[in-house]
1. Residue check, SER278 against (1) touching a strand residue (DSSP E or B) at 6+ places or on another chain (Cβ under 8 Å); (2) in the same structural domain as LYS300 (by TED's automatic domain parsing), all met but one. Which one?
2. Condition first: of a type in the set (A, V, I, L, M, F, W, C) and without any contact (Cβ under 8 Å) to a residue 40 or more places away in the chain. Now tell me which residues in the stretch 436-479 satisfy that.
3. Select, from ASN367, ASN361, ASN342, the only residue that is of a type outside the set (Val, Ile, Thr), assigned by TED's automatic domain parsing to the domain that holds THR439, in contact (Cβ under 8 Å) with a residue 12 or more places away in the chain and surrounded by fewer than 20 Cβ atoms within 10 Å (Cβ to Cβ).
4. Identify the single condition in (1) assigned by TED's automatic domain parsing to the domain that holds GLY411; (2) modelled with pLDDT of 95 or more; (3) buried (at least 21 other Cβ atoms within 10 Å of the Cβ) that VAL233 does not satisfy, given that it satisfies every other one.
5. Check the stretch 280-292 and report whether any residue there is more than 22 Å from ILE129 (Cβ to Cβ) and either assigned to a strand (DSSP E or B) or touching a residue at least 24 places away in the same chain (Cβ under 8 Å) (or both).
6. Given the criteria at pLDDT 95 or above and closer than 14 Å to ALA334 by Cβ, does GLY428 qualify?
7. Here is a list: ALA21, ALA13. Which entry is surrounded by 15 or more Cβ atoms within 10 Å (Cβ to Cβ), in a loop (DSSP other than H, G, I, E, B) and either of a type in the set (Gly, Ala, Ser) or modelled with pLDDT of 95 or more (or both)?
8. Checking LYS92 against (1) more than 23 Å from the chain's Cα centre (by Cα); (2) in contact (Cβ under 8 Å) with a residue 40 or more places away in the chain, only one condition comes out false. Which one?
Amino acid sequence: MSANNYLIIDFGASNGRLLVAKYNGSKFKMIVTHHFDNQPVFASGTLYWDILRLYHELKIGIQTSLKKYKNLTSLGIDTWGADFGVIDKNGKLISNPVHYRDERRAKDSKSLFKIIPARELFKLTGAYILPIYDLFHLYSLKIQNSPEIQSADKILSIADIFNYFLTRNTCNEYTRVTTSILFNQVKSRIEDSIFDRLNLPKNIFPPIIMPGEKIGSISANVAKELEVEPVSVIAPATHDTASAVAGIPVIDKNVNWAFISIGTWCAMGMEIDKPLISDEIFEKAFLNEAGVEGTNIFVKNINGLWVIQQCRKRWLKEKEDLSWEEIVNLSSKARPFRSFINIEESQFAKPQLDMPKNIRNFCKETNQHIPENIGEVARCVYESLAMEFKYYLTFLENFTRRNIEILHIVGGGTKNKLLCKWISNATGLNVIAGPAETTSVGNLLMQLKVNREISSLDEGRQLSLNSSEVIIYQPEDKEIWDEAYFKYLKVL
């Protein structure tokens with residue numbers, strides 16, 4: 001049969017891209033048609049997403065894709081799992097959405113927790129109680145009596161802002177709503193008590209739709225501007241983690257498998273039937289968020305490749321050209337297990353002018369070898385990340401009462417073969433790495449389902465396996481890595 005073309009729009013926290021998937025009924029092939037950086041803008045003391053530039057890049061990508069591949073069947077958009085924009089009664093976006101790393105939310109969270117403690121918020125929602133998420137920004141707008149909250153008619157997640165710009169239809173997609181700390185995942189509804197106790201407006205939320213539903217079509221005005229025919233706009237799992245999990249090429253669904261999605265953030269978890277909520281789970285900062293087809297994703301978010309990305313940003317100021325391949329190569333030549341950092345420390349989660357210096361200071365304060373060059377710093381980061389995964393996998397098994405047999409690694413981090421190998425060595429598990437584009441695969445699968453080219457997630461995952469290249473890593477040097485792990489625990 002002839003191939004149908006689907007457009008995938010994937011916004012990450014540091015970059016975005018558009019891909020066309022050509023599907024022939026048994027396999028798909030993805031081609032990147034447009035790629036761009038996603039750089040936040042710091043202005044007047046606030047860190048913003050440059051939302052209009054991102055929308056401009058989206059439109060360029062649609063035009064470019066349609067020039068190369070005619071007759072797109074549909075498109076779908078996924079983004080990161082935080083932040084929103086405010087639409088007024090005239091349908092205008094009031095302000096650029098504020099970035100989740102903006103410091104204001106953390107400051108205002110102190111007064112919020114006096115009204116509803118973090119532990120209680122977790123029991124009400126099952127979500128990750130961290131000031132980066134929507135509840136805290138909405139509360140900040142309220143206590144500042146900001147123009148956004150005064151004039152708000154609707155609030156939309158980042159993905160649904162773009163969907164609105166394209167179609168003029170407003171909605172909130174389900175998987176993304178569950179990360180907002182405004183939604184009761186056990187009862188599957190907006191948690192009214194949070195709004196009542198914080199005196200937040202409840203009437204500004206558009207209807208919730210499920211992944212795998214049609215939102216509408218590109219409006220006539222947008223189609224005219226872009227000189228394209230209207231295209232159907234589908235809601236995938238707009239939260240990129242949920243899309244990534246949907247796209248995992250599961251080799252055997254009858255064995256206990258866990259996943260790590262490695263990107264700027266890392267998400268490590270399992271797909272289970274219902275949310276898990278307890279004091280112990282709260283204390284270890286595990287969380288629940290919705291997947292597709294009624295699944296629950298039980299997950300631990302970890303500050304991931306952000307640290308090494310910040311390092312490279314600094315190194316590029318000193319060295320004109322420094323590729324990721326060179327960084328990985330230099331780390332492979334550095335001596336192993338000399339220095340570790342606690343990836344979860346707040347100092348490593350914030351933007352830094354000199355992240356390598358920050359790492360050296362931590363090592364000095366903890367009486368470790370101080371990494372001196374690019375290779376030593378990079379090795380410190382990569383080994384610390386592998387050990388962090390080992391640490392939390394133990395809790396993942398305890399909370400779910402499952403012994404993990406296979407570890408799937410997906411996302412951009414799979415391109416770092418050395419890191420994948422070290423994760424296998426550290427955890428003692430067989431690792432199946434790939435594809436790097438799993439979020440895009442999950443996005444595609446929901447579009448295929450809406451268009452009745454597949455009937456279920458299981459069928460989609462088999463298609464993902466048939467269409468993807470994966471690498472299997474087997475653990476080595478277990479005793480050496482176990483000994484290094486004890487050193488890591490002592491440092492922490």
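The values are calculated or read from the model by the stated rules, or taken from the named source; none is laboratory data. Just so it is clear, the model here is predicted, and its values are computed rather than measured. Neighbour counts run over all protein chains shown; Cβ positions are idealised from the backbone, glycine included.
1. Unmet condition: (1).
2. Pass one, the stretch 436-479, residues of a type in the set (A, V, I, L, M, F, W, C): 436, 441, 444-446, 448, 450, 454, 457, 463, 465, 470-472.
Across the stretch 436-479, the qualifying residues are ALA436, ILE454.
3. Details: ASN367 fails: in contact (Cβ under 8 Å) with a residue 12 or more places away in the chain; ASN361 fails: in contact (Cβ under 8 Å) with a residue 12 or more places away in the chain.
Exactly one residue qualifies, and that residue is ASN342.
4. It is condition (1) that VAL233 fails.
5. Pass one, the stretch 280-292, residues more than 22 Å from ILE129 (Cβ to Cβ): 292.
Remaining after also requiring either assigned to a strand (DSSP E or B) or touching a residue at least 24 places away in the same chain (Cβ under 8 Å) (or both): 292.
Checked against the condition, which is being more than 22 Å from ILE129 (Cβ to Cβ) and either assigned to a strand (DSSP E or B) or touching a residue at least 24 places away in the same chain (Cβ under 8 Å) (or both), the stretch 280-292 yields at least one hit.
6. Working: at pLDDT 95 or above: yes; closer than 14 Å to ALA334 by Cβ: no.
Here the answer is no, as GLY428 does not meet what is asked.
7. Details: ALA21 fails: in a loop (DSSP other than H, G, I, E, B).
Only one candidate qualifies: ALA13.
8. Evaluating LYS92 over (1) more than 23 Å from the chain's Cα centre (by Cα); (2) in contact (Cβ under 8 Å) with a residue 40 or more places away in the chain leaves (2) as the failure.
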